[in-house]
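The values are calculated or read from the model by the stated rules, or taken from the named source; none is laboratory data. This one's a predicted model, so the numbers in the text were calculated from it and none came from an experiment. Here the Cβ positions follow ideal geometry from the backbone for every residue, glycine too, while neighbour counts run over all protein chains shown. Please note that ligands, DNA and RNA were not included when accessible areas were found on the heavy atoms of the full protein model with its side chains. Shrake-Rupley method; radii C 1.70, N 1.55, O 1.52, S 1.80 Å.
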Amino acid sequence: MEEKRAVTMDKLVNLCKSRGIIFPGSEIYGGMGNTWDYGPVGVEIKNNVKRCWWKRFVQESDNSFGIDAAILMNPTVWDASGHTASFSDPKMDCKECKTRHRADTLIENHSKGAVNPDTMTNEEMEAYIFEHKVACPKCGKSNFTNIRTFNLMFQTSRGVTEGDKDTIYIRPETAQGEFVNFLSVQRTTRAKVPFGIGQIGKAFRNEITPGNFIFRTIEFEQMEHQWFCKEGTDGEYYEFYKQKAHEFLLDLGLNENHLRFKDHEKLAHYARAACDIQYLFPMGWSELNGIHNRTDFDLKRHQEYSGKSMLYNDPFTNEKYIPFVIEYSIGADRLMLALLSEAYDEEQLDGGDTRVVMHFHPAIAAYKVAILPLQKNLGEKARELYRKLSKQFMCTYDEAGSIGKRYRRQDEIGTPYCVTIDFDTLEDNTVTIRDRDTMSQIRMNADEVAAFIQQKINF
Ligand code: ATP
């Protein structure tokens, strides 16, 4: 039986905007396509997503190290990586309404996923679109230009005078930062292969397909882990990272039935294996993260273009070799969209009311606890607890409106616990803790609240 989910993209966008999670970018100027700003609640959620990822893939991972590489890199990096030559999308313009589209997306949408454009050449995609009279999603007509390729890298220039400007690129992926620092990390940490380098950072792509909220934006954050290993062990590690990536998503609370693996049918010429984990977003199944066996391609290319040896010297066997790389890459924003979609629920309450509730894992929730004095004149005691708990985790404070309304506001942003201060608190220092998901309440000593919450928010 098909599952009925309350979530739609419109509901999420509206909730995010009204509750300080995500605002349209540059909104007072009419916006700027495919850019979004994280508000006070959203920035906390996104920071928590990144913290959980870092903990799992750097802090708790054997032999893994973090870096934070520069966004602007020597332009030859992008020649070596192949981005200047071929980081492009097949674009087609609608001759009628002048909108620009990706040919592969047109085919995917027209065939409702039955045809996989990844396996087609540009000529085959053109033929499909012309033969099937694929319609423009904007104006409904079928009158497209031929395919032209469109490099997705943003360019800028550097130089102190107009005359000596050099073109440089704003990185379209974080991965090259890990590759060019491979030997520096290995030497300074004295790591032995196999080892990993993790990084979280912004990437920029001049995407031409409109976004589906924060699914596809022109500026986004990637969380990436490259595992350097010896050829021959790569297959085993590829499987290991597939499972580890999947487990991470389940532990964050994504439903197993909303996740699936999808092997790439057309592999890049250097890749030995590649797959995505897809999530059932409100607009349908789409890529959430990628896992790739990139062989020794990247390090070899950097050796060739930089003239610097990328050989690793095995201290046990004295062998010299260029390691293979298993890459695992996930967008922080895309993961956040998956978590928002998964968390969203509308529940019918006794009395006919509906409550909107975000069932985030407590580790992801923006605020771990809301402090709510039952009446304003209990504010002093309530603020005292707020200040104490704020030293340990993000808390919020609310004394406006009925207690029911205040609970609803916290449910909508996914605060897992609400602590109510009442007149008994002044007498015996006990408070009421309400659980977001079950709405059940328990009474406990105010001094025990911090430890209670702390053990719930562990990831
Ligand atoms: P897609 O096919 O969706 O364009 P991709 O295969 O080009 O993605 P990668 O280059 O493998 O993506 O990037 C790794 C991850 O970075 C993706 O799985 C996704 O989570 C995220 N990502 C890529 N492009 C964007 C974007 N424009 N906006 C938000 N996240 C992105």
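For segment 415-438, indicate whether the set of residues that are within 34 Å of the chain's Cα centre (by Cα), closer than 20 Å to Asn14 by Cα and not charged (D, E, K, R) is non-empty.
yes
Can you pull out the residues in segment 156-204 that are within 20 Å of the chain's Cα centre (by Cα) and either modelled with pLDDT under 95 or among the aliphatic types (A, V, I, L, M) (or both)?
Ile170, Ala175, Ile197, Ile200, Ala203
Does segment 399-419 contain at least one residue that is within 24 Å of Ile21 (Cα to Cα), modelled with pLDDT of 95 or more, of a type in the set (A, V, I, L, M) and open to solvent by less than 10 Å² (accessible area, probe 1.4 Å)?
Checked against the condition, which is being within 24 Å of Ile21 (Cα to Cα), modelled with pLDDT of 95 or more, of a type in the set (A, V, I, L, M) and open to solvent by less than 10 Å² (accessible area, probe 1.4 Å), segment 399-419 yields at least one hit.
List the residue pairs whose Cβ atoms are under 9 Å apart, where the first residue sits in segment 189-200 and is assigned to a strand (DSSP E or B) and open to solvent by less than 10 Å² (accessible area, probe 1.4 Å), the second is at pLDDT below 95 and charged (D, E, K, R), and the two are 6 or more positions apart or on different chains.
Phe195/Asp62; Gly196/Asp62
Determine the pairs where a residue that is touching a residue at least 60 places away in the same chain (Cβ under 8 Å), located within segment 434-458, has a partner that is open to solvent by 70 Å² or more (accessible area, probe 1.4 Å) and in a helix (DSSP H, G or I) with Cβ atoms under 8 Å apart, the partner being 6 or more residues away or on another chain.
Ala450/Lys388
Yes or no: segment 48-57 includes at least one residue that is exposed (fewer than 15 other Cβ atoms within 10 Å of the Cβ) and over 18 Å from Pro362 (Cα atoms).
no
Looking for something of a type in the set (Val, Ile, Thr) and either open to solvent by 60 Å² or more (accessible area, probe 1.4 Å) or assigned to a loop (DSSP other than H, G, I, E, B) (or both) - is there at least one such residue anywhere in segment 348-359? Explain how you work it out, then say what you get.
Start the filter on segment 348-359 by keeping residues that are of a type in the set (Val, Ile, Thr), which leaves 354, 356-357.
Within this subset, residues satisfying the condition of being either open to solvent by 60 Å² or more (accessible area, probe 1.4 Å) or assigned to a loop (DSSP other than H, G, I, E, B) (or both) are 354.
Looking for residues that are of a type in the set (Val, Ile, Thr) and either open to solvent by 60 Å² or more (accessible area, probe 1.4 Å) or assigned to a loop (DSSP other than H, G, I, E, B) (or both), one finds at least one in segment 348-359, hence yes.
Counting only residues that are buried (at least 21 other Cβ atoms within 10 Å of the Cβ) and either part of a strand (DSSP E or B) or in contact with a strand residue (DSSP E or B) (Cβ under 9 Å, 6 or more places away or on another chain) (or both), how many does segment 249-275 have?
2
Scan segment 271-293 and tell me whether some residue there is out of contact with any Ser or Thr (no Cβ under 7 Å at 6 or more places or on another chain), within 14 Å of the ligand (Cβ to nearest atom) and polar (S, T, N, Q).
Yes, there is a match, as at least one residue in segment 271-293 is out of contact with any Ser or Thr (no Cβ under 7 Å at 6 or more places or on another chain), within 14 Å of the ligand (Cβ to nearest atom) and polar (S, T, N, Q).
Listed here are the residues, each with its yes/no results for (1) of a type in the set (Phe, Trp, Tyr); (2) closer than 17 Å to Asn47 by Cβ; (3) touching a residue at least 24 places away in the same chain (Cβ under 8 Å); (4) within 16 Å of the ligand (Cβ to nearest atom).
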| site | (1), (2), (3), (4) |
| --- | --- |
| Phe324 | yes, no, yes, no |
| Asp345 | no, no, yes, no |
| Asn377 | no, no, no, no |
| Glu384 | no, no, no, no |
| Lys391 | no, no, no, no |
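What number of residues within segment 9-25 satisfy the criterion of being part of a loop (DSSP other than H, G, I, E, B) and either open to solvent by 60 Å² or more (accessible area, probe 1.4 Å) or in contact with a helix residue (DSSP H, G or I) (Cβ under 7 Å, 6 or more places away or on another chain) (or both)? Step through it out loud before you land on a result.
The first filter runs over segment 9-25 and keeps only residues part of a loop (DSSP other than H, G, I, E, B), leaving 19-21, 25.
Remaining after also requiring either open to solvent by 60 Å² or more (accessible area, probe 1.4 Å) or in contact with a helix residue (DSSP H, G or I) (Cβ under 7 Å, 6 or more places away or on another chain) (or both): 19-21.
Result for segment 9-25: 3.
I need the full set of residues from segment 365-385 which are under 32 Å from the mean Cα position of the chain (by Cα) and open to solvent by 60 Å² or more (accessible area, probe 1.4 Å), in order please.
Correct list: empty.
Is it the case that some residue within segment 277-290 is more than 19 Å from Met336 (Cα to Cα) and touching a residue at least 40 places away in the same chain (Cβ under 8 Å)? Outline the logic, then answer.
Here is the first cut: in segment 277-290, the residues more than 19 Å from Met336 (Cα to Cα) are none.
No, segment 277-290 contains no residue that is more than 19 Å from Met336 (Cα to Cα) and touching a residue at least 40 places away in the same chain (Cβ under 8 Å).
Out of everything in segment 426-459 that is among the small types (Gly, Ala, Ser) and touching a Leu at 6+ places or on another chain (Cβ under 8 Å), what residue ends up being surrounded by the most Cβ atoms within 10 Å (Cβ to Cβ)? Write out each step before concluding.
Here is the first cut: in segment 426-459, the ones among the small types (Gly, Ala, Ser) are 440, 446, 450-451.
So of that shortlist, the ones also touching a Leu at 6+ places or on another chain (Cβ under 8 Å) come out as 446, 450.
On the way: Ala446: 20, Ala450: 17.
In this case the residue turns out to be Ala446.
Kindly check whether there is at least one residue in segment 31-40 that is assigned to a helix (DSSP H, G or I) and either closer than 16 Å to Thr415 by Cβ or open to solvent by less than 50 Å² (accessible area, probe 1.4 Å) (or both).
Restricting attention to segment 31-40, the residues satisfying the condition of being assigned to a helix (DSSP H, G or I) are 40.
From what is left, the residues that are either closer than 16 Å to Thr415 by Cβ or open to solvent by less than 50 Å² (accessible area, probe 1.4 Å) (or both) are 40.
Within segment 31-40 (the criterion being assigned to a helix (DSSP H, G or I) and either closer than 16 Å to Thr415 by Cβ or open to solvent by less than 50 Å² (accessible area, probe 1.4 Å) (or both)), the answer is yes, since at least one residue qualifies.
Looking at segment 69-88, is at least one residue modelled with pLDDT of 95 or more, out of contact with any Pro (no Cβ under 9 Å at 6 or more places or on another chain), open to solvent by less than 30 Å² (accessible area, probe 1.4 Å) and part of a loop (DSSP other than H, G, I, E, B)?
Checking segment 69-88: at least one residue is modelled with pLDDT of 95 or more, out of contact with any Pro (no Cβ under 9 Å at 6 or more places or on another chain), open to solvent by less than 30 Å² (accessible area, probe 1.4 Å) and part of a loop (DSSP other than H, G, I, E, B).
In segment 207-232, which residue that is more than 16 Å from the chain's Cα centre (by Cα) and over 30 Å from Lys192 (Cβ atoms) is nearest to the ligand (Cβ to nearest atom)?
Applying the filter and picking the extreme gives Glu207.
When you scan segment 296-309, do you find a residue that is within 13 Å of the ligand (Cβ to nearest atom) and touching a residue at least 24 places away in the same chain (Cβ under 8 Å), even just one? Spell out the reasoning first.
The initial filter retains those residues of segment 296-309 that are within 13 Å of the ligand (Cβ to nearest atom), namely none.
Looking for residues that are within 13 Å of the ligand (Cβ to nearest atom) and touching a residue at least 24 places away in the same chain (Cβ under 8 Å), one finds none in segment 296-309, hence no.
Checking the condition touching a His at 6+ places or on another chain (Cβ under 6 Å) and outside the structural domain of Ser329 (by TED's automatic domain parsing), which residue from Met125, Met92, Met120 passes?
Values: Met125 fails: touching a His at 6+ places or on another chain (Cβ under 6 Å); Met120 fails: touching a His at 6+ places or on another chain (Cβ under 6 Å).
Testing whether each residue is touching a His at 6+ places or on another chain (Cβ under 6 Å) and outside the structural domain of Ser329 (by TED's automatic domain parsing) leaves just Met92.
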